[in-house]
1. Tell me, how many Å apart are the Cα centres for the stretch A:688-734 and for the stretch A:1052-1118?
2. Order these by the 10 Å Cβ neighbour count, fewest first: A:1043, A:780.
3. Beyond 29 Å, what percent of the Cα pairs of chain B remain?
4. Taking only DSSP H segments of four or more residues, each worth -39500 (n - 2.57), what value at 222 nm results for chain B once the sum is divided by all its residues, to the nearest 500 deg cm²/dmol?
5. Using 7 Å Cα-to-Cβ label points, what is the residue A:740/residue A:330 separation (nm, one decimal)?
6. Under 14 Å from a point placed 7 Å out from the Cα of residue A:575 along the Cα-to-Cβ direction: which residues of the stretch A:463-493 have their backbone N that close?
7. Could you tell me how far the Cα centroid of the stretch A:921-977 sits from the Cα centroid of the stretch A:146-217, in Å?
8. Arrange A:770, A:41 by Cβ neighbour counts within 10 Å, fewest through most, would you?
Amino acid sequence: MDVRGSLEQLETAARILMAPPDIVSKDERFAAETMIINFRKMRNAFVLCKYILENSQTELVIFETADVLRNNLMQDWNKLPDEDIKTLNQHILNILLGNTEFSYAMKRRLAGVIALIVKHQSLTNGAIGKQRTELVSHIVGTALNTTGNHLVLACCMLDALLAEHQYVVNAEDASLTYEMHFAAKRDFENSDLLRIFQFCLQFLTTHEHSPMKQRDLDHVLKVLEIILCWNFTKQNLPKRVAGVIEMEAMPTFKPPSSWLDTINDSAFMPIFFNIHVKVRHDDNFVLRTVNLLAQLVSMHRPVLMNRENRVEFLSKILPPFTTLLNLPDKLSMEIYGLSDLIRKILLFNRAALLSLVETQTLENFFQAIGIFSCYVIQQAAIEESKSGVDDRLYRDSLTRVLEAWMNILTDTENFPKQIVQPIVTDIFNCYLKAHLSPPEGFRQLVATADESEEDEESDTNQFRDQLQAVGVFGRFILPHSVPIITQLLIFKCQALQKQIEIVASQAAPRESLEPIYEDIHWGILMAGHILAFDGLGETNLVPSEIHDYSIAADKDPDLSAAAFEKSFQMVNVEENVDPIVRLVSCVIILSETERRVNASGLGYLLSPELASNVLWFLHRFCESYFVISEEYYTNVSPSFLAAWGPLSQVTKISQTFLLQRVKEDLIRYNGEVTVMRDAINLLLSLVDSNKKAELAIHSTELPAIVEIANGVGPGKYQMPNEAYRKLVRAVISVGSFCEEQSRREQYWDQVLVPLAARFQNLSGLISTEKHRDDIRMEISCVLSGFIGAAMSSHSKTATPLFKRIGPVVTECGAILATYHNYVDIVELCIELVIELAKRSLSYLSSGDSVTLYHSAMSVVKSYSSHARGRVSNEKTAEEDTFNDLVTLMDMLTCLLSKDFLDLSPESISGNNTPPSVSASDVSLLGLGTVLPLMNADLLQFPSLSNKYFRLVAFLSELHADKMMVLPPPMLQAVYESVEIGLRNGAADPFASCCEFVSCMAIHISRHSQQSVQTSEYCKPFLKIFLEMILSQRVSKESIPSISTVLFALITAFPDAYSELVNQLLSSRSSEESRNKLSLAFSKLTENLNIQNGGDRLSRSAFRDRLETFIFSAKGCLE
Amino acid sequence: MADMEEHEFHTADSGASETFPMQCSALRKNGFVMLKGRPCKIVEMSTSKTGKHGHAKVHMVGLDIFTGKKCEDICPSTHNMDVPFVKREDYQLMDISDDGFLTLMGDSGDLREDLKVPDGDVGVQLKTDYDAGREILCTVLKSCGEEVVIAVKNNTALEKTN
């Protein structure tokens, strides 16, 4: 090899690449790039690399040489004489020490080669870790007393060593086995990692009081940060679990017990705080040093094994942290980090443990975090008043800090309540004030009055975590929080009444109402979060502390119930009433105020946002408190039973009032989607149990709501389509909660009979007057109504509801055929099938299921006959086809759910005879429809290709047998689309495509269908996947999918596989490479069972071997 | 009840009006609306409000169903907007005259000869299929007094799949 010539060529290429674009031509640049790429792939390049290192000064060339060396060392370690490696190592060290002008990135690359060599030497030459320890000793020994370039170089070497030992399962170097990586890392952790850690600490201690070069400190802190974020090895973890855990970016700091002495050193803890205090004003360091502290406080087992250790650790860490928090000059850069530190301290040290810390230390600490919390609240209030702020630093910090308190406030049994009670009260008050306008609070003015804001997220969503935390704060100090919020709502409600009068008389503008609305808005949100928490799908219960508080208040229950009833007449509630009842009554009075303002024709002055809040509060209240179930609680407040118990007369009256409010809001706010949503939610919470539903059915107001639902339609009452569906769903749900079947049917008749009559009426008209606009609109409305009804279905009501919806869905195919030109109706027809498939199909009898299948089939046929071969000039035609296809595929996938989960009466009783049509028949028919409409362009759209390939994968998983007997052109088209999916490479479709091919291959293998014609379509995938692997186009994440599919293909087509392997081997020019590749192939399948689809053990072994194979094959092919 | 409904329908369709009013909040994406006096298909809809405690407004972006031109409007959610009646009827292509007019036959067998071969892909496809002797279905889009052949489809495919 002409090394000199090669170097010259590389240096020329590097100069071209580094030259400004106007000096070199495109061709020259391309040629230079090709030269560098070829150099990267070079094998047996030691001589050239050595020559380059000795003779070149071009950074780019040396940079690339480092990578080539790494690759060559990994591939050929065993072939290289020890002496050569030693010389190389020494040579690189010389370059690093001698060339101070090289960039850091360049040095780091070369250091990476040394780290690799040392790791290999430490594993293969005698005692494990010997060479590495020698190197580390040398580096830290010299680095401690140096500064500047020498120190940076030392840190660079340490960084390279850390990186080389960081991963075990996900290590880049596949020439070492998992076990070797593990042994190397474990040994490193117990010896050299600790030495490096000690070096960093010692360095910081030495330089703590002297001025330090910024660059030096930066490098040492970087090394320290890597160590504090180190993922320590754990014994006995399955390889796959270990692989996931080791990729965690910020694991808690868990040093092994061999580190105990260092950790226990009295200087250990303070140094971190001292350094932070020293550099916190420098923006380049503050984030890193806070992060170091956060990692430090996360420290736990095994080094802090027992309770004493932990308490001692806390006693060491709390005082300096308290001092840090009490520093008068708070820096915005460190606020989030400090909030996170507080959260970590309180998260990793439970209340019981904290209570063991010396009282004064603990009190000081809580005092400090209390003041800090209030500071963050105040700053967050200022930040919220600014619009257009992208980075909500204080909002996020506040969420963190409030979250931190949850660990203490929810564990009151193990913590002295009196220590935190006054602090919690201060924080609660501060939060409340931050959301009130002056003079009561200090909320800042937000200047948006004339601006129109695009859909902003509601406060309940935006501040969800904060409000939930404030709810916990409020429940911790109920005797304080409830009266104060009650008083606030009473006062603000009166202020609102007065101000509305003033505005109505035009003595003030409408804007003057805004601050009052905003105050009440926050008051209600806080009250709602104190009274109840979101059960997230679980039954929403009244928190026990609220029962205890109400019982302890000991007010007359009857008086409380009477006062609650009177609140609907806006009679103010006095203090002799139960405090919780009084709080809810205040919101009722507010609600009544809104109703009366509206009745007096001043509705335009009201705030839809506030209406939404009131409905939200009532919804939350009704879920937990209304018609309270005594059996859920050991202690129930008698006042709650009297006011809201199932037997109380007041309950009945209140329900009527609340239903009245729902009814009025559905009309009054039909332009406000959120208010309607909240009104419908309130309706649902008023009827969500058998007792509530029974009460509601007898209420005089429910029929009026039913009438609204029945009255929606063209030329009648108008409502957004989504709201209409939800309303029908809610109205039908009332019946679903009726225990008595006849009463339920009777109630449903009120809603579904008129809807069915409208449908019947339409059926007659469609044939003669199909183009009439009003008929089309009526069809849309009626179908939406039935979709709403289908949405309410659940296990108990699926069958009776299907009896009513079934006749409609059977017509959907015909409707679609008639109205195929109208996208909205086409979508509604498909959506009705989807809703039934999603919520009812699993519970339907086989007879009803077949009805649904036939309906779906007819929808698919109609769609197909009209969509196929259509050419359109419409601007939105492509988008419409895209949407139709997505919906259609949703339908086909939902139908398959029955094959996963069949809870039909026949299936449960075991009398299951296969139905004449099955879900898979419809899905396959649908697939045939979808296929001609799909093309490579459409498959580029992620949402469509995800759905399509998921459907194909489901079908092959459940019904590979049926797929095999599809018409050959159709199956061929499926395989072709799968090939496109594989080539596109997006993660989800790729996995689905692999699943499809493996399911088909396993089927072919298990049923010996290799001779069947359609299995020929599957065979080429063997080559496709092998090529994919050999051309190194496989990402690490896709290896599990690929190993499954390749194994399945080998079991299905063993002969074709052998043939392919032989072809590949014979195409290798050098004998050595042929032998190596042959060895890699035989190791891949050696002793595996590949009969009948193979067994689990073989599959799993194949997966483990594939990674090694990929590495070895790479070595042979380059 | 059925009689009453039918009666209502007749009243609704009897006038010669080309549009009907609909509350802004009840409009939906993919539906139709008159924007700047043109029938449009709504391709984007979002709501906003004046201040946190103000009333909702709806912002609509539509495409003219005949020209594809983009139109926008903003309207309080409780106000009514005009919604065009939009029909899409299928006709069988019988003939193409020398001057580019189509002879089309409707469902009921009546013939019309007032529409021209459309521009673009549809026109090309239509002529090619016609010259090849295929049966062709044309979809005619009609709204606000304008009519145009918007899509074509080979009728033999329909027969085959049926």
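1. Going from one Cα centre to the other spans 66 Å.
2. On the way: A:1043 25, A:780 21.
Exposure proxy ranking, most exposed first: A:780, A:1043.
3. Working: 4951 of 13041 pairs.
Distances greater than 29 Å cover 38 percent of the Cα pairs.
4. Numbers: 3 runs with 32 residues, N = 162.
My calculation for chain B gives -6000 deg cm²/dmol from helical runs alone.
5. 6.2
6. Residues A:480, A:483-488 qualify, since their backbone N sits under 14 Å from the label point.
7. 53
8. Working: A:770 16, A:41 12.
In order of increasing Cβ crowding within 10 Å: A:41, A:770.
Quick note: the coordinates plus some simple rules give every number you see, no bench work behind them. Small disclaimer: the values here were computed from a predicted structure and weren't measured. Positions of Cβ are backbone-derived with ideal geometry, glycine not excepted, and every protein chain shown enters the neighbour counts.
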